[in-house]
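Step one of this worksheet: look at the structure below.
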């Protein structure tokens with residue numbers, strides 16, 4: 001059950017709740033309210049899973065302790081999520097008390113703790129780590145500490161005993177916009193290497209200046225974590241050079257069970273040579289079925305035979321590729337399109353091609369290539385700020401009508417050179433696509449505002465559409 005109002009929660013059948021979400025964001029609690037909630041929680045005797053959102057609540061230590069006193073009377077909780085982010089006045093001792101009490105009274109296996117933007121420093125993270133280490137049944141941990149005053153001691157949050165190190169299968173660690181640096185990245189990598197049975201790792205190190213040395217040590221750790229199936233790495237703005245990406249590419253080759261990879265490495269000091277090495281390594285990841293890759297702002301034309309590297313990803317079922325501001329012209333897009341046409345297992349595709357120099361010819365070739373994907377049912381195209389004209393819009397619309405299994409379609413095509421006729425033709429064509437049931441279009445032309453209501457009525461008459469969004473930007 002989900003409750004956004006305290007009164008509705010208090011009046012509900014408390015003993016029946018097994019899964020409970022309390023969304024009290026921006027709520028300024030009165031003393032009586034926190035006490036009432038505490039009493040109500042203590043009566044949720046069958047509670048197994050709770051999500052508590054207190055973001056921007058400015059909840060006092062006493063009122064937090066009231067909530068804790070109610071929670072500790074629930075003895076069957078196995079999954080606990082709490083959001084205490086964006087509270088500069090939050091006392092870390094309050095968090096520590098909460099974790100300690102949970103460890104004494106429940107067998108928590110899944111914990112999600114959001115402490116983003118709370119002025120937490122290295123000395124405090126050590127105390128949080130000590131309290132986390134008391135949760136001896138953990139198998140999955142999400143710890144969000146973005147935008148805090150954390151430095152190279154951030155690894156102190158991982159002080160687990162051998163039993164937890166062995167049984168942990170999922171780690172989600174978010175440290176973006178901190179000051180971890182090279183030393184912190186190396187020490188954190190050494191800690192991560194102890195979780196040898198880890199199957200899923202999400203590591204957000206955005207803007208931490210870990211440099212290539214930090215990434216190379218992390219890459220060595222990944223070789224040790226040989227059971228990984230799902231890997232998400234957010235490494236933007238870290239002054240990483242080619243050496244770092246070379247090390248990471250080699251480590252990916254050793255992950256024989258890897259099914260899904262999300263890698264964000266834009267805005268570093270990388271050249272096309274390191275990206276070529278990355279694609280060579282990805283070809284060897286035979287189990288990979290999901291790939292999300294952001295390499296925006298590179299000169300993609302310098303990646304010779306880029307399409308050939310894409311063509312080797314024949315087992316990929318979901319592919320998100322971000323290439324905005326990458327000097328992509330029609331010739332480069334043609335090469336990419338040919339490669340994509342060989343990805344015959346693709347079911348979901350997101351292409352982020354905004355702010356390039358793609359014209360109508362490039363769009364025609366892309367549409368033709370995507371028609372060759374027999375299993376494609378979900379397509380998102382971000383084409384804004386290019387050079388597409390009327391013929392390109394018409395070609396895209398007519399081409400989409402030929403797709404055999406497409407059910408979800410999203411197109412962003414504003415800020416091009418498409419006239420009113422081109423825009424209306426695209427709208428009419430997409431509305432005629434037989435199997436689409438979710439259609440989102442983001443366009444721009446001043447005359448379109450007058451016709452939106454008509455298109456919405458037309459969409460309503462179509463019984464196949466369950467969602468239709470048309471926005472004129």
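Restricting attention to the range 405-421, which residues are part of a loop (DSSP other than H, G, I, E, B), surrounded by fewer than 22 Cβ atoms within 10 Å (Cβ to Cβ) and within 29 Å of the chain's Cα centre (by Cα)? Let's see the steps before the verdict.
The initial filter retains those residues of the range 405-421 that are part of a loop (DSSP other than H, G, I, E, B), namely 405-407, 413-419.
Now narrow it down to the ones that are surrounded by fewer than 22 Cβ atoms within 10 Å (Cβ to Cβ): 405, 407, 414-415, 417, 419.
Of everything in the range 405-421, those that are part of a loop (DSSP other than H, G, I, E, B), surrounded by fewer than 22 Cβ atoms within 10 Å (Cβ to Cβ) and within 29 Å of the chain's Cα centre (by Cα) turn out to be 405, 407, 414, 415.
Assuming residue 68 fulfils every condition listed in (1) surrounded by fewer than 16 Cβ atoms within 10 Å (Cβ to Cβ); (2) part of a helix (DSSP H, G or I) apart from one, which condition is it?
(1)
Where residues in the range 422-461 are over 17 Å from residue 380 (Cα atoms), touching a helix residue (DSSP H, G or I) at 6+ places or on another chain (Cβ under 9 Å) and outside any helix (DSSP H, G or I), which of them is modelled with the highest pLDDT? Quick ask: steps written out before the conclusion?
Quick first cut of the range 422-461, residues over 17 Å from residue 380 (Cα atoms) only: 422-425, 428, 432, 434, 444-461.
This time we only want the ones that are touching a helix residue (DSSP H, G or I) at 6+ places or on another chain (Cβ under 9 Å), so: 422-425, 428, 432, 444-448, 451, 455, 458-459.
Those left that are additionally outside any helix (DSSP H, G or I): 444-445, 451.
Working: 444: 83, 445: 74, 451: 71.
It comes out as 444.
Quick grid of which residues meet (1) farther than 12 Å from residue 146 by Cα; (2) crowded, with 22+ Cβ neighbours inside 10 Å:
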site: 177; (1), (2): no, no
site: 187; (1), (2): yes, no
site: 190; (1), (2): yes, no
site: 194; (1), (2): yes, no
site: 199; (1), (2): yes, no
site: 202; (1), (2): yes, no
site: 211; (1), (2): yes, no
site: 214; (1), (2): yes, yes
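Please specify each residue of the range 15-42 satisfying the condition of being part of a loop (DSSP other than H, G, I, E, B), surrounded by fewer than 16 Cβ atoms within 10 Å (Cβ to Cβ) and at pLDDT 80 or above.
Of the residues in the range 15-42, the ones part of a loop (DSSP other than H, G, I, E, B) are 17-18, 24-30.
Checking the rest, the ones that are also surrounded by fewer than 16 Cβ atoms within 10 Å (Cβ to Cβ) come to 18, 25-26, 28, 30.
Selection gives 18, 25.
Check 85, 34 and return the single one that is without any contact (Cβ under 8 Å) to a residue 60 or more places away in the chain, touching a helix residue (DSSP H, G or I) at 6+ places or on another chain (Cβ under 8 Å) and more than 27 Å from residue 161 (Cβ to Cβ).
Working: 85 fails: touching a helix residue (DSSP H, G or I) at 6+ places or on another chain (Cβ under 8 Å).
Answer to the selection: 34.
Every residue, every condition in (1) farther than 26 Å from residue 329 by Cβ; (2) in contact with a strand residue (DSSP E or B) (Cβ under 8 Å, 6 or more places away or on another chain); (3) crowded, with 16+ Cβ neighbours inside 10 Å, yes or no:
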position: 389; (1), (2), (3): no, no, yes
position: 392; (1), (2), (3): no, no, yes
position: 402; (1), (2), (3): no, no, no
position: 425; (1), (2), (3): no, no, yes
position: 428; (1), (2), (3): yes, no, no
position: 436; (1), (2), (3): yes, yes, yes
position: 450; (1), (2), (3): yes, no, no
position: 454; (1), (2), (3): yes, no, no
position: 464; (1), (2), (3): yes, no, no
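The values are calculated or read from the model by the stated rules, or taken from the named source; none is laboratory data. Computed from a predicted structure; not experimentally measured. Positions of Cβ are backbone-derived with ideal geometry, glycine not excepted, and every protein chain shown enters the neighbour counts.
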